[in-house]
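Notes follow the structure.
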Amino acid sequence: MDYQRVKTLQKHPAWLLLRADNAPLVISFLDRVFVAPNKRSLPQSELASKLEDTLFGLRRELGDTAFPKRPQAYLDDWAADDCGWLRKYYPANEDVAHYDITPATEKAIQWLASLGRRPFVGTGSRLLAVLEEMRRLVTAGDTDPDARIAGLLARRAEIDADIARIRGGDIPVIDETEARERFQHAMSTARALLSDFREVEQNFRDLDRNVRERIATFDGSKTELLDEIFGERDAITGSDEGRSFRAFWELMMSQTRQEELSGFITKAMAMEAIAKLDPDPRLKRIHFDWLDAGEVAQRMVARLSEQLRRYIDDKTFLENRRIMQILRGIEADALAVRECPPSGTFMEVDEAAPAIVLPLERPLYTPAAKPRIDGGSLEDGKPDVPSDALFGQVFVDKTRLKANIRRALQTRDQVSLAELIEHDPLQQGLAELVAYMSLAADDRNAAIDDRQQQQLVWSDREGLTREATLPLIVFARPVPVPMPAQSRRA
């Protein structure tokens, strides 16, 4: 933090908010309306009504001369470019303005909240969290298989010792201090995650605005512009923030993970040590707030994609209109020289010949045959056809095969067909193998590599060993939506 950087930060909206004369009004009101209930946006009429109630209460306490402006005037000031504490926008297909706080405002509110006195400052749980994260980092980054196996064996020995101690009647229970400490640390991290979503949304808005500016001012070809835009989106996907957010979204979209987290939070808040802290009941639904905030970011991605689609449609319309202008120009030139055509050869057509079609070559009309239905009674047929073929049919349940694929992908990112069959052997032989190939052909996330081959071995109903050589088939997890680039730091 050198002098010039601090000098530049004086123009940051968060700094301007803390220095504002009416900072207590702005911060307390926006925290109560947006941050505390996790509201992502509010319509103008509702927000102005809430502000009017707040100003009425303050004027009764501070006097009639306090805060003389109208509520809408304050909202316009806070959303102006020289402040940047609110974002005013119009949602799609709506003519009513909406407001949302900016990431800078939320950072200022969080910083002020951190200045308050806490019941106690927990350091033990943070040290354990640091040690655990460093242990995972070093273990996951180690490429020595012997060291990895030794670490796993040590952990297994610790788990076996804990199991033996519990079976012996020695059940260690966390004390109240450590329980409150860990709960506060977990909930502070959960709340901080909500504020990160607003910065993610801001990154998407910046990207959307940059794309619109490029489309409006770009003079090159459509291909060059699309290559540049999609190249930037690929860079966003491959960034550290994009990969981290993609992993977070995959975890949160799992129904098992959601139920597991809900159960943990409910049990933790039911503990006597935690209940003494009087935690906010809304913390039980904080993971649903994460999903709501993440959906806003996903909608921003959809808006960006829609903007690109409209650009392509507009360019196609303009190109078609240009073609029509050229054709009309040719017609106008032809009409201008109609009375005095140019001398010499004006146009040549190679091998021009008329097409001759004789009327007698056309086929005659043939009326459609009408079936004649006999009104007699039907007689029972004789069972002279063997029915064994009807009972010898093989039905392959593709739902069961899809469940096998999903179950295998729960513990890994991708799985080959050979590994899948090794774990879940074929029950219906070649027909089931063909069904797996059909699922791979219809799955966008599956890959079929003809350059590599794989050997598949199974046993049929008679106990004979069958073997097949197929192209390499790999099933993979669904690819999530691209996430935003690295957040800008103040």
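At the residue level, Val357 shows approximately 110 square angstrom of accessible surface with a 1.4 angstrom probe and all protein chains present.
Site pair Ala336 and Arg406 shows an inter-label distance of 6.9 nm when each label is modelled 7 Å from Cα along Cα→Cβ.
Just the accessible area per residue of segment 425-464, please: how many Å² with a 1.4 Å probe?
Spelled out: the 1.4 Å probe surface of segment 425-464, per residue, equals 69 Å².
Simple spin-label estimate for Thr266 and Gln325 gives 6.6 nm between the two label positions (7 Å along the Cα-to-Cβ direction from each Cα). If a spin label sat at a point 7 angstrom from the Cα of Val96 along the line to its beta carbon, the backbone N atoms of segment 9-44 nearer than 16 Å would be those of 40-44. A Förster distance of 60 Å, applied to the separation of the beta-carbon atoms of Asp443 and Ala157, puts the FRET efficiency at 0.90. For a Förster distance of 35 Å, can you work out the FRET efficiency between the beta-carbons of Trp15 and Ala36, rounded to the nearest 0.05? Taking R0 as 35 Å, the efficiency between Trp15 and Ala36 is 0.90.
The values are calculated or read from the model by the stated rules, or taken from the named source; none is laboratory data. Everything numeric here is computed off the predicted structure, so don't read it as measured data. Positions of Cβ are backbone-derived with ideal geometry, glycine not excepted, and every protein chain shown enters the neighbour counts. Surface accessibility is based on the protein's heavy atoms, side chains included, excluding ligands, DNA and RNA. Shrake-Rupley method; radii C 1.70, N 1.55, O 1.52, S 1.80 Å.
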